[in-house]
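The values are calculated or read from the model by the stated rules, or taken from the named source; none is laboratory data. Every value quoted in this text rests on a predicted model; they were computed, and no experiment measured them. Glycine gets a Cβ as well: all are built from the backbone with ideal geometry, and neighbour counts include every protein chain shown.
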Amino acid sequence: MSVYFTPEMAVEYQADGFFLVRKLFTEGELHQVTDYIIENVINTGRLPVVQPHKTDRFLREWASQERFLDLVQPLLGPDLALWTIHCFYKPSVTGPRTPWHQDARYWAMKPVVTASVWLALEPVDEENGCMNVIPGSHLEEICQHHQIDDEKDQASLSLEIDNQKFDESKAISIVLDTGDCSVHHSHLIHGAKANNSGRSRHGLVLRYMPTSSIRTDGDLYLARGRDLSNGVNVYIQD
Ligand SMILES: O=C(O)CCC(=O)C(=O)O
Ligand code: NI
């Protein structure tokens, strides 16, 4: 088992739908990947914000290192695919909000079994729009979401939960330092306020699934173990 994963985290994941890991990386260990994303995703757009792993070997290998896989293996089992990366960079002052949502509402995967690692590449707190979560909400069914005009509404995603469906006063803020991460369940209700602060908010989200789940768009990277989909899943070949 991972040196970073504790039995308490398993209990928290089951009860709350998320847990936090402090200092998964030191600041120094993150310089290379942070500079790489700033250069290739944010500054030049050479790589897309969502799914850069499809065309970029460096990022998919970086996201498949033991430290991450050992963290999600106790939740998902030993046969693991990295199926997406999302560069959740929000600039200072104009960083959009993330509407309240459940990730599973977005994804074509059967069954939707996934854990998302939200890694802080710089400090995130209430001021610069850290993620907010509703503990225990992953135990509920998928709520009704409605479409929003993400450009007009200045939001980073296009679906939002009808807000009468949950109690926003139960939200807690996921405050992270550089190198800390949260791990969240695909049914957890979460969102983030806009970043109106003078600091950017740089998060990198890595999502993993057991290879027994089916996702047929060919974007999967077999990160550990073997395929359990009887050849239905299509993997990126290096
Ligand atoms: O960082 C954010 O604003 C939202 C992240 C999110 O929705 C996710 O990682 O699933
Ligand atoms: Ni999400």
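Assess whether Pro135 counts as being more than 16 Å from ligand 2 (Cβ to nearest atom), within 18 Å of the chain's Cα centre (by Cα) and surrounded by fewer than 19 Cβ atoms within 10 Å (Cβ to Cβ). Considered against the rule, which asks whether it is more than 16 Å from ligand 2 (Cβ to nearest atom), within 18 Å of the chain's Cα centre (by Cα) and surrounded by fewer than 19 Cβ atoms within 10 Å (Cβ to Cβ), Pro135 comes out as no.
Among the residues of segment 158-201, the ones that are in a loop (DSSP other than H, G, I, E, B) and either crowded, with 19+ Cβ neighbours inside 10 Å or more than 11 Å from ligand 1 (Cβ to nearest atom) (or both) come to 19 in all. Of a type in the set (Lys, Arg) and in contact with a Gly (Cβ under 7 Å, 6 or more places away or on another chain): which single residue out of Lys193, Lys170, Lys165 fits that description? Matching residue, one of Lys193, Lys170, Lys165: Lys193. Does Gly198 satisfy being at positive phi and at pLDDT 95 or above? It is false that Gly198 is at positive phi and at pLDDT 95 or above. Residues that are free of Cβ contacts under 8 Å to residues at least 60 places away in the same chain and either surrounded by 15 or more Cβ atoms within 10 Å (Cβ to Cβ) or in a loop (DSSP other than H, G, I, E, B) (or both) within segment 138-153 comprise Glu140, Glu141, Ile142, Cys143, Gln144, His145, Ile148, Asp149, Asp150, Glu151, Lys152, Asp153, listed in sequence order.
Of all residues in segment 170-194, those that are touching a residue at least 12 places away in the same chain (Cβ under 8 Å) have Cβ atoms under 6 Å from Cβ atoms of residues that are basic (Lys, Arg) and part of a strand (DSSP E or B), 6 or more apart or on another chain, in Lys193/Arg97; Ala194/Arg97.
Of all residues in segment 75-97, those that are touching a residue at least 40 places away in the same chain (Cβ under 8 Å) and within 23 Å of Gly225 (Cβ to Cβ) have Cβ atoms under 8 Å from Cβ atoms of residues that are of a type in the set (S, T, N, Q) and part of a helix (DSSP H, G or I), 6 or more apart or on another chain, in Leu80/Gln73. State yes or no: is Arg207 part of a strand (DSSP E or B) and either charged (D, E, K, R) or more than 16 Å from ligand 2 (Cβ to nearest atom) (or both)? Yes.
You will find that of Ala108, Ala120, Ala115, Ala81, the residue that is more than 13 Å from ligand 1 (Cβ to nearest atom) and surrounded by 21 or more Cβ atoms within 10 Å (Cβ to Cβ) is Ala81 and no other.
Pairs under 7 Å by beta carbon, first residue more than 20 Å from Glu61 (Cβ to Cβ) in segment 197-211, partner assigned to a strand (DSSP E or B) and polar (S, T, N, Q), six or more apart or different chains? Note: pairs meeting the criteria are Arg201/Asn195. Does Thr44 satisfy the criteria of being under 13 Å from Trp83 (Cα atoms) and surrounded by fewer than 15 Cβ atoms within 10 Å (Cβ to Cβ)? For Thr44, the condition - under 13 Å from Trp83 (Cα atoms) and surrounded by fewer than 15 Cβ atoms within 10 Å (Cβ to Cβ) - is not met. Being within 16 Å of ligand 2 (Cβ to nearest atom), surrounded by 15 or more Cβ atoms within 10 Å (Cβ to Cβ) and not in a helix (DSSP H, G or I) is a property that holds for Gly129. Scanning segment 190-238 for residues being touching a Leu at 6+ places or on another chain (Cβ under 6 Å) and closer than 15 Å to Pro111 by Cβ gives a total of 5. Applying the criterion of being touching a helix residue (DSSP H, G or I) at 6+ places or on another chain (Cβ under 8 Å) and not in a strand (DSSP E or B) to the residues of segment 82-120, the residue that is farthest from ligand 2 (Cβ to nearest atom) is Val113.
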